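Shown next, in structure tokens, is the structure this report addresses.
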Amino acid sequence: MKTIFKLLIMILIVTLGYRYITTTYPDFMQETKSILQKAKSDGESLVESVETTIDSYKEDTATPEKIKVDTVKKVTTLPSEYDADWVVSHDQYTNFTLKLEDEQAGYATGKGRKLLGITIGETTAEQVKSKWGTPLTSMQLGITNYRFADEDAKEQLIYKRDGYYIWYFIDLHNDSKVRAVKYVAVSLENTKKQYYVTPSDAWRNGEEKLMVLLMNQSRVAAGLQPLIYDKGLTEETRAHSQEMADKHYFSHTGFNGSQPQDRMKAAGYTNERLYAENLAYGQVSTIFAHEGLMNSLGHRENILRKEATHVGVGIAYDTENKPYYTINFYTPMTN
């Protein structure tokens, strides 16, 4: 009996309370309903956001299907930024390819090669964007988001697709056609702890050699003879690179006013009929440095000088591991 009485009292209190609220605050119930509906909507959005994040995480950590790239004979191996060596293959610099043994990353160039939805040397930047949409404007590395420089947007079209980051390098001096392609599994790229590699002697030696290989690929593709790699210039070119890194400048004119020809003569190259120099800095690797130089007309002309026969390369690093490149070209008087 007491229980029924308590229940009747509670019903009476709720009824009187409801009448009081609806009479005194006529909009209260509608506002409450709106709040509940918004909470439900926000909750559904939160769930959807969490599900999307989980799906993205699964994609970023999964090993994607391997990208098949036709290669020719193996020539050498060089260090990569992924704690594994690049396998370098080419046939007299044609069908030039870098590829990790597990095929999770690679770089390919050579007119007519078909991969990742394009044909190198034929597909244009606009055709890439028409096929794959708007390129990325930034990349996440750990907790840091790296935004790409606006000036790079014309030279590199970057996509995240099918578990890979893909770079289409555009040749601004060949009707904006694709010049080369780099790809890396998102899960592998995410293992990098920092933007720049902490340099070792092996890393620097490999990056210097790779620069020569890439320049020679470009020369042979243009119908020219490959350059002879002269390691006798390594000390001189590294010294200029180190001076730029240490003194925070970037110029062909040395801190003491010296010019490239002066520095090469001081290194013993006193009677050459051609002296020339290319500089680069700040790129994450030699691949990006070379692609940038090929889109800079003066540097491109040095790389493709028919009369150039020899080259030396020296890389140095600043306190943030940012690389500085000095590339010296020459032709002996006897050639």
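The values are calculated or read from the model by the stated rules, or taken from the named source; none is laboratory data. Keep in mind the model is a prediction, meaning the values are calculated, not measured. All Cβ positions, glycine included, derive from the backbone under ideal geometry; neighbour counts span all protein chains shown. Heads up: the accessible areas ignore ligands, DNA and RNA and are worked out on the full protein's heavy atoms, side chains in. Shrake-Rupley method; radii C 1.70, N 1.55, O 1.52, S 1.80 Å.
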Exercise. With all protein chains present, calculate the accessible area of Leu116 using a 1.4 Å probe and round the result to the nearest 10 Å².
Key: 30 Å²
Quiz item: In the full protein assembly as shown, how much of Thr331 is accessible to a 1.4 Å probe, in Å² to the nearest 10?
Solution: 0 Å²
Self-check item: Unit charges at the beta carbon, dipole of region 171-293: most positive-side option, Leu188, His252, His240
Solution: Leu188
Quiz item: Separation of region 175-228 and region 78-103 by C-alpha centroid, Å?
Solution: 9 Å
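With all protein chains present and a 1.4 Å probe, how do Glu272, Glu243, Glu208 order by accessible area, largest first? Spell out each step's value before the answer.
Working: Glu272 35, Glu243 55, Glu208 5 Å².
Putting Glu272, Glu243, Glu208 in descending order of accessible area: Glu243, Glu272, Glu208.
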Exercise. Just grab the label-to-label distance for Gln225 and Gln92, each label 7 Å out from Cα along the Cβ direction, in nm (one decimal).
Key: 1.4 nm
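Determine the shape class of region 92-151: with a ≥ b ≥ c the square roots of the Cα gyration tensor eigenvalues, call it rounded for a/c under 1.5, and otherwise prolate if a/b is greater than b/c, oblate otherwise. Intermediate values should be presented prior to the final figure.
Working: a/c = 2.34, a/b = 1.30, b/c = 1.80.
Note, shape of region 92-151 comes out oblate.
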Quiz item: Just how many % of Cα pairs in region 59-158 lie over 16 Å apart, if you round to the nearest whole percent?
Solution: 68 percent
Quiz item: Between Ser34 and Gln259, what is the spin-label point distance in nm, taking each point 7 Å from the Cα along the Cα→C-beta axis?
Solution: 7.6 nm
Quiz item: Based on the Kirkwood radius over alpha-carbon pairs, what value in µm²/s does the Stokes-Einstein equation return for the translational diffusion coefficient of region 127-204 at 10 °C and 1.306 mPa s?
Solution: 114 µm²/s
Practice problem: Starting from the residue with the highest accessible area, list Glu320, Glu81 in decreasing order, probe 1.4 Å. | Solution: Glu320, Glu81
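Going by accessible area, probe 1.4 Å, with all protein chains left in place, what is the ranking of Ser130, Ser138, largest first?
Numbers: Ser130 100, Ser138 30 Å².
Descending accessible area places them as Ser130, Ser138.
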Quiz item: Stretched out fully, how many nm does the piece from Lys114 to Lys131 gain, at 0.36 nm a residue minus the Cα gap?
Solution: 4.7 nm
Quiz item: What is the distance, in nm, between label points placed 7 Å from the Cα along the Cα-to-Cβ direction at Lys192 and at Asp152?
Solution: 0.9 nm
Practice problem: Mind checking the full-extension length gain between Arg305 and Phe250? Use 0.36 nm per residue of separation minus the Cα-Cα distance, one decimal, nm. | Solution: 17.5 nm
